[in-house]
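Structure first, then comments.
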Amino acid sequence: MVAIIDYDAGNLKSVQKALEYLGAEVCVTRDREVLLKSDHIILPGVGAFGQAMDNLQHYGLVDTIKEVVKKGIPFLGICLGMQLLFESSEESEGVQGLSLLTGKIIKIPKVDGIKIPHMGWNSLELRNKATLFQGLPEHPYVYFVHSYYLEAKRELDVSAVAEYGTTLHVSVERENLFGCQFHPEKSGEIGLTILKNFLEVGGKC
């Protein structure tokens, strides 16, 4: 079963529909016991970093997320969900993220010809033979909606980058932790392949 963490964030339904299209059994939940028994877990989200962390704290999900990650359950953060895996964000100064990976979230710089938020399709440069991108072309196109981006501390964690005024770290992998700044659930066949690759981590689909 794939569990989508419910913490009052947007975009849960579109992720659920994409997973169900792939034939996955999906549960939208914030129940600790259900999450601990899940085969895969996804933390989606759109919105503000600080409010999202408040919601995770309010529902007692911070410790649960750290518990399931420590247990080794494959865990995927999407968009804001990926940002929350890191230590902090310029969007919400003084708010500590989940700190499961090292790095910070910073504002996309203002550059002539670059619109913020970054909204639309962008090609990726794949790195480090990433699990999520197996079977994809060298420069796949995916869909973004964001104003802040990841600056990871460990280059080895970065599985894809994109160019948008600067080099953005847009996907990460470390052990059972995965993250996508872009929206695979809105990225057509490429995105479905990425989600399918995630579902195959651990040998279960």
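The values are calculated or read from the model by the stated rules, or taken from the named source; none is laboratory data. From a predicted model like this one, the values you see are computed outputs, not experimental measurements. Methodologically, a virtual Cβ is constructed for each residue, glycine included, from the backbone with ideal geometry; neighbour enumeration extends over all protein chains shown. Quick note on the areas: whole protein, heavy atoms, side chains included, nothing else; ligands and nucleic acids left out. Shrake-Rupley method; radii C 1.70, N 1.55, O 1.52, S 1.80 Å.
What to note about this one:
- With respect to being part of a strand (DSSP E or B) and crowded, with 18+ Cβ neighbours inside 10 Å, ILE105 fits the description.
- Residue identified as closer than 16 Å to CYS79 by Cβ and of a type in the set (Gly, Ala, Ser) among GLY165, GLY179, GLY135, GLY188: GLY179
- Sole exception among (1) closer than 29 Å to GLU25 by Cβ; (2) part of a loop (DSSP other than H, G, I, E, B); (3) not acidic (Asp, Glu) for GLY165, by number: (1)
- Flag if LEU36 is open to solvent by less than 70 Å² (accessible area, probe 1.4 Å), more than 23 Å from SER187 (Cβ to Cβ), of a type outside the set (Val, Ile, Thr) and within 14 Å of the chain's Cα centre (by Cα): no
- Within the set ILE65, ILE41, ILE73, the sole residue that is of a type in the set (Val, Ile, Thr) and assigned to a loop (DSSP other than H, G, I, E, B) turns out to be ILE73.
- Residue within region 148-159 that is open to solvent by less than 10 Å² (accessible area, probe 1.4 Å), modelled with pLDDT of 95 or more and of a type in the set (D, E, K, R) present: yes
- Options VAL95, VAL28; residue that is touching a strand residue (DSSP E or B) at 6+ places or on another chain (Cβ under 9 Å), in contact (Cβ under 8 Å) with a residue 12 or more places away in the chain, open to solvent by 20 Å² or more (accessible area, probe 1.4 Å) and in a loop (DSSP other than H, G, I, E, B): VAL95
- Checked against (1) out of contact with any Cys (no Cβ under 9 Å at 6 or more places or on another chain); (2) over 17 Å from LEU132 (Cβ atoms); (3) open to solvent by 10 Å² or more (accessible area, probe 1.4 Å); (4) in contact (Cβ under 8 Å) with a residue 60 or more places away in the chain, GLN51 passes all but condition (4).
- Residue within region 126-134 that is in a strand (DSSP E or B), touching a residue at least 24 places away in the same chain (Cβ under 8 Å) and farther than 19 Å from LEU22 by Cβ present: yes
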